[in-house]
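**Q** This is the structure, below, for whatever I ask next.
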Amino acid sequence: MVTQIGAIPVTLGSLPLSVVDDAGVTWLNTDLKGWSSPGVRAELQPRQADHGAWASPVYLDSRPITITGMIAAPTTSARDTAVEQLIAAVSLADTVLTVADSIPKRATVRRSGELLIELVGPYNATYSVLVTAPDPRRYSTVLQSQTTGLPSVSGGLVTPIVTPIVITASSTGGAFTLVNEGTIGTRPVFTVTGPATNFVISCTRPGGSVTQLTYSDSIGLGDTLVIDTDAHTVMLNGTVSRRRYLSGTWPEILPGSSLSVQWSALAYDAAAMLTGTCRSAWM
């Protein structure tokens, strides 16, 4: 099992035994703790004059992860360079940790403890890294992305005779589907490219329940509005919050399920586009 912190490769498990980088340095993980499960947050209130307790909803806690391993280098200089690369990779800012399970997964982590490095002889070193993923979900390394324009209507006619003959109009575009193959709900990100005015994004689950997000303002030609349904943010061109113009219910794609997404706006414009992205998520 190969684990990667940023661009630094390390390994876990018996196959492969190690990963050798371009400088001839061998990276070998000896343990990976915390990847299999985070803690949980829950409360139990004793029931008055009765057995048991009242249980609150249970939520996953943040996910602390400890990675320990060894570095084996062909020279002292190569070892020292590898150590500095590891220190830089275990960043104070957001860093992607990737674990190549049978289904490769990733989490966004930050350093959350002391980085312990011990030099062993002239060529080797051992390390212990503590990082924490504020979002405990383990996400697929594959980003799903679907894009559609506004729905357009063509055809349609009622002939002016005593018994009307109706030719039904047909509608195309305006919809796509996102899938979550994991074991916990995941939340999509929607990007709207203008021009679009007073648009509505409708999300339908397979059982038929519908949630909607309504945007009560307009965005101009070439502008982009990013709606992050997990962070609950609405950003215009990456800099200006437009959260006050959005109302409705934040959608979530249930585990092992899908979400059908449709949208419409006050007026049709062929340049307007809606893009939805998501990653399958596991506990």
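**Q** Using 0.36 nm per residue, how much length does the chain from Asp61 to Val120 gain when fully extended, once their Cα-Cα distance is taken away?
**A** Details: separation 59, 0.36 × 59 = 21.24 nm, distance 3.60 nm.
Full extension of this stretch gives 17.6 nm more.
**Q** Taking 7 Å along the Cα-to-C-beta vector as the label spot, tell me the Arg205-Ala270 distance in nanometres, rounded to one decimal.
**A** Distance between label points: 3.9 nm.
**Q** With each run of n ≥ 4 DSSP H residues scored as -39500 (n - 2.57), what mean residue ellipticity at 222 nm is computed for the chain after dividing by its residue count and rounding to the nearest 500 deg cm²/dmol?
**A** On the way: 1 runs with 14 residues, N = 283.
Calculated mean residue ellipticity at 222 nm is -1500 deg cm²/dmol.
**Q** Where Lys and Arg each count +1 and Asp and Glu each count -1, what net charge lies around Ile103 among other residues with Cβ under 14 Å from its Cβ?
**A** Within the 14 Å Cβ shell, the charges total +3.
**Q** Could I ask something else about it? What size of dipole, in debye to the nearest 20, comes out for the chain about its Cα centre when the only charges are +1 on Lys and Arg C-beta atoms and -1 on Asp and Glu C-beta atoms?
**A** The calculation lands at about 500 debye.
**Q** Exactly which trypsin sites (Lys or Arg not before Pro) in the range 14-63 are in a DSSP loop and have at most 14 other Cβ atoms within 10 Å?
**A** Arg47
**Q** So what's the net charge close to Gly194: Lys and Arg +1, Asp and Glu -1, counting the other residues with Cβ under 9 Å from its Cβ?
**A** Neighbour charge sum, excluding Gly194 itself: -2.
**Q** Sorting Leu143, Leu115 by accessible area (1.4 Å probe), largest first, what list results?
**A** The ranking, largest first, comes out as Leu143, Leu115.
**Q** Expressed as a whole number of Å, what is the distance separating the alpha-carbon centroids of the range 217-266 and the range 63-100?
**A** Spelled out, the Cα-based centre of one part sits 37 Å from the other.
**Q** Grab the other residues whose beta carbon is less than 14 angstrom from that of Asp223, score K and R as +1, D and E as -1, and report the net.
**A** Neighbour charge sum, excluding Asp223 itself: -1.
**Q** Let me ask something else. Just tell me the longest site-free run in the chain, where the sites are GluC sites (Glu not before Pro) in a DSSP loop having at most 13 other beta-carbon atoms within 10 Å.
**A** Answer - 115-283.
**Q** If you roll a 1.4 angstrom probe over the protein chains with everything in place, what fraction of the accessible area of the chain belongs to carbon and sulfur, to the nearest %?
**A** 57 percent
**Q** Please give the per residue accessible area of the chain, computed with a probe of 1.4 Å over protein heavy atoms only, in Å².
**A** Averaged over the residues of the chain, the accessible area is 53 Å².
**Q** Suppose R0 equals 41 Å; then what is the FRET efficiency for Asp21 and Thr177 from their Cβ-Cβ distance, rounded to the nearest 0.05?
**A** E(calc), rounded to 0.05, equals 0.55.
**Q** Another question about this same structure. Under a no-solvent Debye model with one identical scatterer per Cα of the range 54-119, what's log10 I(q)/I(0) at q = 0.15, 0.25 Å⁻¹?
**A** At q = 0.15, 0.25 Å⁻¹ the computed log10 ratios are -0.66, -1.21.
**Q** Arrange the residues Val226, Val200 by how much accessible surface each exposes, largest first, with a 1.4 angstrom probe.
**A** Working: Val226 55, Val200 35 Å².
My answer, sorted largest first, is Val226, Val200.
**Q** Additional query: From the gyration tensor of the Cα coordinates in the chain, what semi-axes in whole Å does the equivalent ellipsoid have, largest first, with each one equal to sqrt(5λ)?
**A** 48, 25, 17
**Q** So, one more: Suppose each label sits 7 Å from its Cα in the direction of the beta carbon; what would the Arg110-Ser37 distance come out to in nanometres?
**A** Result for the modelled spin labels: 2.8 nm.
**Q** So what is log10(I(q)/I(0)) for the range 50-163 at q = 0.22, 0.23 1/Å, when the Debye sum runs over its Cα atoms only?
**A** The computed values of log10 I(q)/I(0) come out as -1.21, -1.25.
The values are calculated or read from the model by the stated rules, or taken from the named source; none is laboratory data. Keep in mind that what you see is a predicted model, and the values were worked out from it rather than measured. When we count neighbours, we look across all protein chains shown, and the Cβ atoms used for this are built from the backbone with ideal geometry, even at glycine. Areas reflect the complete protein model, heavy atoms only, side chains present, ligands, DNA and RNA absent. Shrake-Rupley method; radii C 1.70, N 1.55, O 1.52, S 1.80 Å.
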